[in-house]
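The structure under discussion appears below in the form of structure tokens.
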Amino acid sequence: MIYDHKKIEKKWQKKWEKDGIYKTSENKNKKRYVLDMFPYPSGASMHVGHLEGYVGTDILSRYLRMKGIDILHPMGWDAFGLPAENYAIKTGIHPDKETHKNILNFKKQLMASGLSYDWDKEIDTSSPEFYKWTQWLFIKLFEKGLAYKKKSPVNWCPKDETVLANEQVEDGKCERCDTPVIKKDLDQWFFKITDYSDRLISGLDGIDWLEEVKTQQKNWIGRKEGINISYEIDGYKDKVTVFTTAPVNFGATFIVIAPEHELISKIINGEIKVDDLIKNKVKKYYEMAMSKSDQERITEGKEKTGEFTCLYAINHLTNEKLPIWVTDFVLANVGTGAVQGCPGHDKRDFQFAKKFGLPIKRVVVGADGDESEIKLESQVIEHGKKGTFINSEFLNGMDFEEGLRKTMDYFEEKGWGKRVISYHIRDWLISRQRYWGCPIPMIYCDKCGWNPVPESELPVLLPTDVDFLPHGESPIARSTSFQKDVVCPSCGKPAKREVDTMDTYVDSSWYFLRFCDPKNTKEFASKEKIIPVNDYVGGGHVVQHLLFARFFWKVLFDLGYIDKKMGDEPFLKLRAPGWILGPDSRKMSKRWGNVITPDDIIPKFGADTLRVYEMFMGPFDIMKPWNITGVEGAHRFLGRVWRLFHQTRNPSLITDKPVLSKMHQTIKKVGEDIENYKFNTAISSLMELVNVLSSCDSLNIDSLNILARLLAPFAPHLAEEIWHAILGQKNSIHISQWPTYDEKYLKSDEVTIVIQVNGKLRGQVVVDSVQATDKETIIKLAKTDEKVAKWLKSGKIKKEIFISNKLVNFVI
RNA sequence: GGCUGGGUGGCGGAAUGGCAGACGCACAGGUCUCAAAAACCUGUGAGGAUAACACCUCGUGAGGGUUCGACUCCCUCCCCAGCCACCA
């Protein structure tokens, strides 16, 4: 009989769907939540790389299901987003129509791959049933004071008159028309994620994520302990406060402030009176800096620029005057937007001092002992390096780190400074001046200000009477139906709706909660049904998504919408599948013409082959190049399995002892490997087992029964077919019991003991498993081994090492 | 520049202190065939040795260390990948 994957796979996919064998049971005691990061249904077809993670979680889910554990394993669509809107601008096709066409296509591909999702739980973030609750969530945050509106600069394309997302800015230019992007101040909604900074760091300790991803989260939050130091400005009432983690104050010779700093606006608007010539120069510098994009500020940034403000601060320790300069290498949103320049001990400060002829003082000697004047950048000893203070009065002779601590103590004592913690993370800007997103459920009234739409009126539906062309504001602003009869929820007078939509990250950062209870019309999800995700699989590099999702969980947890027993973190384990590269070892891309899709593989080889190959390629989480001969190898393996089951041979009642032990070892290994995401070695051990069974003259039916079930998570269609056609079973193999192993069969009767002389392999003895643990017998045997004896002749044995069941090592 | 991974045959990889190269790919030889494909069998780290075996030496990026024993642990260095980056 020929292995006709086409017929088999179609047949079983239909049957599984009809019988609903992957439905989640509502037994909440044993539930385990296995989740893929849900996809954006783009117009481009899915490629084999997307499937890597989905197949991994599918194998895990099928395995757990067979172990009798109730699994929640759903799939849905991150359906709002820019590509569909841009497509609509180009073609006039409504994003809703295009998106749903893509969803159907994606779903078809997932089903053709034999993935065992519970499609009853399918969600779509662009459906009103879903985004009603996105709006509800917004209102909860608003009520808690965690959502607020503030003026903030956005990327702005002057030609297209539109706001651009960061991803739409390439090299400081608009991706559509190549016009340089500028910053524009707009009133925008923010979520106060910064309130949760410390908990977002500490929560990482208790969860099973890759170290790399945890570090990325920590870096993004960027917690730093330092000190804010305030300086009087000579001759003026104003003060300037700098933030530093390394107060090398005996070496401070100037202060630099960001162009956006309030001192600069005060100079420009005349609040701080300075010489007109200086004022004009500062103004010119400010305008120049503002006209540059972030991109330009960074790329040009190696060359320091700046302008002297003519103001001076007074160094508390030395009473020397510190000139205050404006420069764009100081970033307004880091620390206080002002930095003290210590050119001897910071490379950027050194470059700045060198360029503008400011004094450079050495106050620390590094490991090289060089005490000379600092003239070269290479002599700069930065914070973090080993060093000892000099030229610093009470700090002299002190270790670098300790001296900094002492300085902070001293400054706090004197009231000149205060220790602070600075974070890199900013509040989350969620306003988008775009159409294809979730409307922000807020109403503005001239008298009452911003008020949320009453819960009973949710959802605020996306209007359909809009064109999609960008005009410098949300396309929704031009809808007439959207603002019709809107009244202030507080005073009842005519009012206006917010026309911006939410960042699609908002949808995709709470969707996993909705999967717990997707059909609930009364709540976003019932408290009884919400559980954290046990296994979350997808790109680990999605730093923001993970932070936002953790933030939402913590907020809802604090508000009492999540059972305290469920804990403070939403994703208990996170694994990231590695990229699958094209056959040319480059990232799969239309540009290189190296994209492989499931449709290229499934018709010819079948979904089972595709699944087995993808999992066998290498470790789950690393980058792997596609190799078509490898696919053929996987197909050959399944063909061998097929023939093994179809071969006629003498059925035996008892299985050989060595075969039996291989069998039980494999049951153990495959199970453990699946739980540890080591699918590649699980498959290789299955291959070994198949090789062993293929060479047996007679096979007992139990062995075949076990083998079929071990294969089921990897090659679900083939296993199902064999289960019914050969093994005569009635119910699906995927709801059968996972085989158990027996400890007593794990060890084979015969054990090979390795014999080493001076750590080198010189022979081996085969003994039974009882003898293998007996030191004296083994050593006696080892010495009589002809080859070993030869090596032992040349000297006296100094030491005999015996490792039970494994080896003997003679040291001579 | 910072952080985090990683470096093992012709290739993907296995082994986390105990026989390095499991499993697969590729390649070579063979069986079947008029022939080919498919399938099956055998071999396959490098070098030496042999009529053939036996056998020996070297070998996990480089160098050093710990250990009876190191791909695995420690130190120094080199290289590659990913993420972040004028973050004070």
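The values are calculated or read from the model by the stated rules, or taken from the named source; none is laboratory data. Quick caveat, the model's predicted, so the values are computed rather than measured. Here Cβ is always computed from backbone atoms with ideal geometry, including for glycine, and neighbour counts include all displayed protein chains. Accessible surface is based on the protein model in full, side chains and every heavy atom, while ligands, DNA and RNA are left aside. Shrake-Rupley method; radii C 1.70, N 1.55, O 1.52, S 1.80 Å.
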| Can you tell which of A:391, A:396 is open to solvent by 70 Å² or more (accessible area, probe 1.4 Å) and in contact (Cβ under 8 Å) with a residue 60 or more places away in the chain? | A:391
| said: Please count how many residues of the range A:332-357 are more than 8 Å from RNA strand B (Cβ to nearest atom), buried (at least 19 other Cβ atoms within 10 Å of the Cβ) and either farther than 24 Å from residue A:412 by Cβ or more than 36 Å from the chain's Cα centre (by Cα) (or both). | reply: 6
| Whichever residue in the range A:570-588 is in contact with a Phe, Trp or Tyr (Cβ under 7 Å, 6 or more places away or on another chain) and over 17 Å from residue A:48 (Cα atoms) and, among such residues, is surrounded by the fewest Cβ atoms within 10 Å (Cβ to Cβ) | A:573
| Could you say whether any residue in the range A:315-331 is open to solvent by less than 50 Å² (accessible area, probe 1.4 Å), in contact with a Pro (Cβ under 6 Å, 6 or more places away or on another chain), within 10 Å of RNA strand B (Cβ to nearest atom) and not small (Gly, Ala, Ser)? | yes
| query | Could you say whether any residue in the range A:21-28 is in contact with a strand residue (DSSP E or B) (Cβ under 8 Å, 6 or more places away or on another chain) and either open to solvent by 60 Å² or more (accessible area, probe 1.4 Å) or closer than 30 Å to residue A:724 by Cα (or both)? | reply | yes
| message | Going by what's in this entry, would residue A:591 be described as surrounded by fewer than 22 Cβ atoms within 10 Å (Cβ to Cβ) and over 30 Å from residue A:144 (Cβ atoms)? | response | yes
| query | Can you pull out the residues in the range A:749-775 that are open to solvent by less than 40 Å² (accessible area, probe 1.4 Å) and over 16 Å from residue A:801 (Cα atoms)? | reply | A:751, A:767
| message | Kindly evaluate residue A:809 against the criterion of being of a type outside the set (Phe, Trp, Tyr), within 13 Å of RNA strand B (Cβ to nearest atom), touching a residue at least 40 places away in the same chain (Cβ under 8 Å) and crowded, with 16+ Cβ neighbours inside 10 Å. | response | yes
| said: Quick test of your reading of the structure: residue A:408 fulfils all but one of (1) more than 12 Å from RNA strand B (Cβ to nearest atom); (2) open to solvent by less than 70 Å² (accessible area, probe 1.4 Å). Name the failing condition by number. | reply: (1)
| Test for residue A:704: is it within 13 Å of RNA strand B (Cβ to nearest atom), within 45 Å of the chain's Cα centre (by Cα), among the aliphatic types (A, V, I, L, M) and assigned to a helix (DSSP H, G or I) | no
| message | Quick check on the range A:641-697: of everything there that is more than 9 Å from RNA strand B (Cβ to nearest atom), open to solvent by 80 Å² or more (accessible area, probe 1.4 Å) and of a type in the set (D, E, K, R), which residue is nearest to residue A:623 (Cα to Cα)? | response | A:672
| note | Residues of the range A:623-634 being crowded, with 20+ Cβ neighbours inside 10 Å and either more than 24 Å from residue A:575 (Cα to Cα) or within 6 Å of RNA strand B (Cβ to nearest atom) (or both), in sequence order, are A:624, A:631, A:634
| field | Residue satisfying condition, being within 16 Å of RNA strand B (Cβ to nearest atom), open to solvent by less than 30 Å² (accessible area, probe 1.4 Å) and assigned to a loop (DSSP other than H, G, I, E, B), within set A:620, A:637 | value | A:620
| remark: Considering the range A:256-310, residues that are closer than 25 Å to residue A:231 by Cα, among the basic types (Lys, Arg) and surrounded by 13 or more Cβ atoms within 10 Å (Cβ to Cβ), and then whichever is modelled with the lowest pLDDT, we arrive at A:304
| query | How about the range A:411-438: which of its residues are open to solvent by less than 30 Å² (accessible area, probe 1.4 Å), under 21 Å from residue A:544 (Cα atoms) and away from RNA strand B (no atom under 16 Å from the Cβ)? | reply | A:430, A:431, A:433, A:434, A:436, A:437, A:438
| request: Mind counting the residues in the range A:761-800 that are near RNA strand B (Cβ under 7 Å from one of its atoms), in contact (Cβ under 8 Å) with a residue 12 or more places away in the chain and under 50 Å from the mean Cα position of the chain (by Cα)? | output: 2
| Hits in the range A:539-554 - residues which are in contact with a Leu (Cβ under 8 Å, 6 or more places away or on another chain) and either on the phi > 0 side of the Ramachandran plot or within 16 Å of RNA strand B (Cβ to nearest atom) (or both) | A:540, A:546, A:547
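Here is a yes/no grid of residues against (1) touching a residue at least 12 places away in the same chain (Cβ under 8 Å); (2) assigned to a strand (DSSP E or B):
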residue	(1), (2)
A:184	yes, yes
A:187	yes, yes
A:198	yes, no
A:201	yes, no
A:214	no, no
A:219	yes, no
A:225	yes, yes
